[in-house]
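See below for the structure under consideration.
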Amino acid sequence: MPVDLSYEKALELLDLKLRSLEDGNLSLDQALAAVDEARAYLKICQEKLEAAKRKIEVRPEAAAPVEEPRDTLL
């Protein structure tokens with residue numbers, strides 16, 4: 001299973017695995033394999049979301065407003 005999947009592709013594959021499990025047409029071995037694959041896709045999705053969250057997270061010191069000097073001549 002490729003780890004370099006995009007979030008969207010991993011989510012799509014996760015959805016397909018879950019649907020095949022919900023259909024109930026899999027043998028026990030197929031269902032167990034589908035669960036393992038679904039877990040792997042879920043892990044990829046979680047890792048991609050965490051990476052995105054770290055990129056957009058604002059640090060408190062960076063978010064503090066910077067006061068600009070006031071012009072007292074006005």
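With the alpha-carbon atoms as the only input, what is the per residue convex hull volume for the stretch 4-63 in Å³?
In the stretch 4-63, the Cα convex hull volume per residue is 84 Å³.
Based only on other Cβ atoms within 10 Å, what is the fewest-to-most ordering of V58, V35?
V58, V35
Just so you know, all these numbers are worked out from the coordinates, no wet-lab data involved. All values reported here derive from a predicted model rather than from experimental measurement. Ideal geometry is used to build each Cβ from the backbone, glycine not excepted, and the neighbour counts take in all protein chains shown.
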